[in-house]
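For reference, the structure is listed below as C-alpha cells.
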Protein chains: 2
Amino acid sequence: MSASIASLDTPAAIVDVPRMQHNIRRMQQRMDALGVRLRPHVKTSKCLPVIKAQLAAGACGVTVSTLKEAQYCFAEGICDVFYAVAIAPGKLTQALQLRRKGCQLSLLTDSLDAARAIVAFGQRHNERFDVWIEIDCDGHRSGLDLEDHSLLEVARVLSEGGMQLRGVMTHAGSSYELDTPEALQALAEQERNLCVNAAQRIRQAGFPCPEVSIGSTPTALSALNLEGVTEVRAGVYVFFDLVMHNVGICQAHELALSVLTTVIGHQKDKGWVITDAGWMAMSRDRGTQRQQRDFGYGQVCTETGDWIEGALLTGANQEHGIVALETAGGVDITARFPIGSRLRILPNHACATGAQFPDYHAVDAEGGVQLWSRLHGW
Amino acid sequence: MSASIASLDTPAAIVDVPRMQHNIRRMQQRMDALGVRLRPHVKTSKCLPVIKAQLAAGACGVTVSTLKEAQYCFAEGICDVFYAVAIAPGKLTQALQLRRKGCQLSLLTDSLDAARAIVAFGQRHNERFDVWIEIDCDGHRSGLDLEDHSLLEVARVLSEGGMQLRGVMTHAGSSYELDTPEALQALAEQERNLCVNAAQRIRQAGFPCPEVSIGSTPTALSALNLEGVTEVRAGVYVFFDLVMHNVGICQAHELALSVLTTVIGHQKDKGWVITDAGWMAMSRDRGTQRQQRDFGYGQVCTETGDWIEGALLTGANQEHGIVALETAGGVDITARFPIGSRLRILPNHACATGAQFPDYHAVDAEGGVQLWSRLHGW
C-alpha cells in the first residue's frame, strides 16, 4: 500500500475507499431498515465516483448545495436532484435550463416572497417547478416554524400558482453540537415529529404534500423511528471526520478522508514538527474547537494511517503546518519525524478539507491509487 | 457599475481593480523609497493579471508558496521565482525540471538534513541550485535562530557542496498579532536587524551571502529603515482584508476583495438575513476572532461596496451565511434586505477567501467586469 501512496506529491487528499464503502453501506442499510429512501448530500464529496458508489448502494437520487453540483450530476445521467438551499430568484433561469434538458430538479423555499417569485417565473415560462418548503426544526438556520402562519400561505401560493408542491423538508443542523446518544435520539425525534406535523398541517389545509424529507448525518444515524418520513438526506457520513467522531457517531476506523503531508522542518526547542500541509490543505475549519476534544487543525497519523496518540496539527499557516506532541518529553522529534518523512492528517471537517483539493487520491484495499477529480466553485 | 455586477451569479469573488492598483503602487513606492527590491508573494492572488500588474509596477520577480505557483508563473514568462517554503526532498525532482527549462527558481531550507539532501541531489544531477537559508526572527514558525550553531553548518554544507548560497530570508509572521504603529515598527526593525546580522555572521565565516530578504505586509508597511536588506516579500497587501484593517495598516477604502452574495431568506424573530455566501465562499477563516474587532465571517456592504455599519456575517454553513445587525431594533430586515437583493462581504483573510473561487470577477473603474482565473491546488 505504501508503495503507491509513496509516489504521491504532498499535500494530497487521500480517500480510503474500503472505509468509504463501509460508510455508504452502513447508512444505506440503516435507511433500508427504517423504511425510508436515502438521498445523499453530494456537497461533501462533489466527486462522481463517490456519488456513483452511493447510488449503486441504493440511494434514490442526490441532494445538492449548488446548481453547479446539479449540472455536474445531471451531465452524468443523474436526473433526480434536490437543490436543498432556498432558491434565489436570480437562479431560476439556470434551474429552468436544467429542467428543460430533462433534469428532475427540485427547488426549495421558506418564504412567501420567494414562493411568489417562483410562481411568477414558472408561469411566465410555462414551467411547473417541483418545490419543497423548508421547515425549521431546531432554530439552527433557515426554514419556517411549524406554527408560522406563512407556512400555509406558501403552500397555497405554490399550489394555486400551478407549481408542484412536493413536500416539506428540514435539517437538524444543531445535531453537530451534541455528543450523547440520548440527546441525538431526542433531536432526531424532534426533527421527524416537526416535519411530519408540518406536512399534516399542509395536507389538512387541502394542499398536496406527498413527501417528508429530513436529515443530518448525526440524526440519521441516531433515529429509532422514522414514521411519516419518506426521505433522508445526509452528507458527511460518506467520509466522516473528527467533528463527527466527537459527536460520537463514528469510530476512528471509519474516518475515510485524510491529508498526506511531508515533514519539511523542526523547531526542536519548541517540540514542533513543520509539515507542508497548512490551512490551504486542511482548510481553516476549527470545528472541534468547542467540542469535548479539540483536535486543533487535525489528528496526526502515520503514513499508513495509524493514529499517533497526542500528536495534533496545532497550528497552520497557508502552506505550513505545525505538529506538536501532547507529551513530547524525551522524544527526539528530528529522529521520530525526519525531514522528508510522511504523515497523514485527519481533518476536523471533511466537507471543508475536501474543497481545498482539485482531486482526491482514492486508495483501494490493495493500495492502488486512482485520481478522482472533484468540483470547485459555483 | 451595478449594471455589470448585476449580471453575475452569486456567490462571486469581486476584485476592485482601482483599489488593487492603488495598493500595488503604495507598496512599490514605499519599497522604492526605502531602496529595496519588492518580490510580491503571489500566494494571495494566484492570478496572472494581478501578478502582471505587480511586475509592471516594478516588482523584481515573484515569491511562491507552492511549486505549482512557480510553474504557473514560469509558463507565463516569469523566470525569477523564489519558492519561500522549506523544500521537501521529494520535491527536488520537480524543482530540477523547472530549472532545466530555464526557470531561475530559488529554494529555501532551515535544516542541515534538508541542506544535505539538496546537495546530494544537486551533485547527482549536476545542478547548482540557488538556495536561501531561513532565519527565525520572531518565534513564529520556521527558520534557524541567529545564534544557532547549525546556521554556519548549513551555509558550509551548501557552499562546499557546490550550491549557490544566495542569502538569508525571514518572515515576521507574528506581525499579524500587533495593532499599533510602535509595535509594528519595532518588529520591523527586529526582522531587519536579525536577518542582516545572520547574513553578517555567514559572511564573516567566509561564505557568500549576497542577499537579505525579509517581509510581511505589516512590517513592510511599517519599517522606517531597511539598511542591509536587498529584497522585501509581501503578499496580502495587494487586496488587504479585515485582519490587516485590524492590524491598522490599511483603510476601509483599500480593501479590494469582496464576495458578492444574494439574500435568500430571513429569520425575522432573530433578526437574521440568510445569504447564499456561507463558509464555502468566505472560507472558514476567523482571523479577526482574537483581534480588537471581531468581524465574524465578514463585514457586510451594499452591492456597490458601501460598508453597512454593524452588519456582520455572524454565522456560516457551507452555502448559507447568516447576516445580523448589531443594532437591529426597529429595522424591518425583510424590507431593508429583500429576497433577491445583493450584498458584498469583505473577508477576514483575502488569501483564504480567494482560494475558494476558481476565478475573480475584476471590476474596473467604469464598472466593466472581466473574468480572471486563478490557481487551485498543488
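Only the coordinates and a few stated rules stand behind these numbers; no lab work does. Not measured: the values here are computed from a predicted model. Using ideal geometry, Cβ is built from the backbone for each residue, glycine included, and neighbour counts are taken over all protein chains shown.
How crowded by other chains is A:332-341, given as the mean number of beta carbons from other chains within 10 Å of each beta carbon?
On the way: counts 0, 0, 3, 0, 0, 0, 3, 12, 9, 2.
If you average over the peptide's residues, the count of other-chain Cβ atoms is 3.
In a GNM of chain A with a 10 Å cut-off on Cα contacts, which of A:GLY298, A:GLY354, A:GLY265 has the highest mean-square fluctuation?
A:GLY265
Once you have the alpha carbon radius of gyration of the range A:18-238, what is it after dividing by 2.2 N^0.38 Å, with N set to its residue count?
0.97
Hey, got the dipole for the protein assembly as shown? About the Cα centre, +1 on K and R Cβ, -1 on D and E Cβ, debye to the nearest 20?
Around 1660 debye, computed over the protein assembly as shown.
Taking the Cα centre of chain B as origin, work out the dipole magnitude from +1 charges on Lys and Arg Cβ and -1 charges on Asp and Glu Cβ, in debye rounded to 20.
940 debye
For the rotation taking chain B to chain A, which residue of B has the Cβ nearest the axis, and how many Å away is it?
Nearest to the symmetry axis by Cβ: B:ARG284, 2.
Taking the mean number of other Cβ atoms within 10 Å as a proxy for protection, how do you rank A:103-115, B:127-139, B:92-104 from highest to lowest?
Result, highest mean Cβ count within 10 Å first: A:103-115, B:127-139, B:92-104.
At 222 nm, what helix-only mean residue ellipticity would chain B give, in deg cm²/dmol to the nearest 500, using -39500 (n - 2.57) for each DSSP H run of four or more?
-9000 deg cm²/dmol
Considering only chain A, what is the antiparallel percent among its DSSP beta bridges, to the nearest 5?
Around 50 percent antiparallel, to the nearest 5.
Over the whole of B:278-285, what's the average partner chain Cβ count within 10 Å per residue? Rounded to a whole number, please.
6
Across the range A:355-364, in residue order, what do the Karplus-derived ³J(HN,Hα) couplings come to in whole Hz, using 6.51 cos²θ - 1.76 cosθ + 1.60 with θ = phi - 60° and x for Gly and Pro?
5, 7, 10, x, 7, 9, 9, 8, 10, 8
Distances from A:GLU147 to the same residue in each other copy, label points 7 Å out along Cα→Cβ, in nm, shortest first?
When each copy's label point is compared with this one, the spacings are 6.9 nm.
What residues have an amide H closer than 5 Å to that of A:CYS301, excluding those fewer than 5 places away on the same chain, when H is modeled at 1.01 Å from N in the peptide plane?
Hits under the 5 Å cutoff: A:ILE308, A:ARG344, A:ILE345, A:LEU346.
For the protein assembly as shown, what is the percent of antiparallel DSSP beta bridges, rounded to the nearest 5?
Values: 64 of 128 bridges.
Counting DSSP beta bridges with both partners in the protein assembly as shown, the antiparallel share is about 50 percent.
Which semi-axes, in whole Å and largest first, does the equivalent ellipsoid of chain A have when worked out from the alpha carbon gyration tensor as the square roots of 5 times its eigenvalues?
41, 21, 18
For B:ALA277, enumerate residues with amide H under 5 Å from its amide H, sequence gap 5+ or separate chain, H modeled in the peptide plane.
Excluding prolines and chain starts, which carry no amide H, the hits are B:THR262, B:GLY321.
Taking A:ASP179 in one copy and the same position in all the others, each labelled 7 Å out along Cα→Cβ, what are the pairwise distances from the first, in nm, shortest first?
3.0
For the range A:1-134, how big is the tail of P(r) above 24 Å, as a whole percent of Cα pairs?
For the range A:1-134, the share of Cα pairs beyond 24 Å comes to 41 percent.
What's the FRET efficiency of B:GLU326 with A:GLN204 using the Cβ-Cβ distance as r and R₀ = 41 Å, to the nearest 0.05?
Working from the Cβ atoms, E equals 0.50.
Using only Cα positions of the range B:170-256, each an equal point scatterer, no hydration layer, compute I(q)/I(0) via Debye at q = 0.16 Å⁻¹ and quote the log10 values to two decimals.
-0.61
Just how large is the dipole of the range A:18-238 about the Cα centre, in debye to the nearest 20, putting +1 at every Lys and Arg Cβ and -1 at every Asp and Glu Cβ?
Charge dipole, the range A:18-238, about its Cα centre: 1080 debye, nearest 20.
Using the membrane-span-like helix rule (whole DSSP H runs, Cα extent along the own axis of at least 24 Å, mean Kyte-Doolittle hydropathy at least -1.0), which helices of chain A qualify? Show your work: numbers first, answer last.
On the way: long enough: A:17-34 (26 Å, -1.13); A:181-204 (34 Å, -0.62).
Sorted by number, the helices that extend far enough and score high enough are A:181-204.
So what is the diffusion coefficient of the range A:213-334 in µm² per second by Stokes-Einstein at 10 °C and 1.306 mPa s, using a Kirkwood Rh over Cα pairs? Walk me through the numbers before you get to the answer.
Details: Rh = 16.0 Å.
In µm²/s, the coefficient rounds to 99.
Can you tell which of B:SER222, B:CYS301, A:ALA95 lies farthest toward the positive end of the dipole of the protein assembly as shown, using +1 and -1 charges on the Cβ of basic and acidic side chains (Lys, Arg; Asp, Glu)?
In the protein assembly as shown, that residue is A:ALA95.
With each pseudo-label sitting 7 Å past Cα toward Cβ, what's the B:ILE308-A:GLN289 distance in nm, one decimal?
If labels sit at B:ILE308 and A:GLN289, their model points lie 2.4 nm apart.
Of the peptides A:331-338, B:257-264, how do they stack up when ordered by the mean number of other Cβ atoms within 10 Å, highest first?
Result, highest mean first: B:257-264, A:331-338.
Using DSSP, restrict attention to beta bridges with both residues in the range A:257-327 and report what percent are antiparallel, rounded to the nearest 5.
The antiparallel fraction comes to roughly 95 percent.
Rg/Rh for the protein assembly as shown: what does it come to with C-alpha atoms and Rh from Kirkwood?
When Rh is taken as the Kirkwood radius, the ratio is 0.99.
Looking at the range A:92-187, what % of the alpha carbon pairs are farther apart than 21 Å?
40 percent
Could you tell me the distance between the Cα centroids of the range B:174-202 and the range A:254-333, to the nearest Å?
28 Å
With every atom except the alpha carbons ignored, what do you get for Rg and Dmax of the range B:83-122, in angstroms?
9.7, 28
Once the dipole of chain B is set up with Lys and Arg at +1 and Asp and Glu at -1 on Cβ about the Cα centre, which of B:HIS253, B:THR180, B:ILE51 lies farthest towards its positive end?
Result: B:ILE51.
Using a Gaussian network model of chain A whose springs link C-alpha atoms within less than 10 Å, name the residue from A:ALA56, A:ALA256, A:ALA12 with the highest mean-square fluctuation.
Sorting by GNM fluctuation, first place goes to A:ALA56.
Separation between the A:ASP269 and A:ALA186 pseudo-spin-labels, each 7 Å from Cα along Cα→Cβ, expressed in nm?
About 5.1 nm separates the two model spin labels.
Between copies, how far apart are the B:ALA335 label points? List them in nm, one decimal, shortest first, with each point 7 Å from Cα toward Cβ, please?
Values, ascending and in nm: 7.5.
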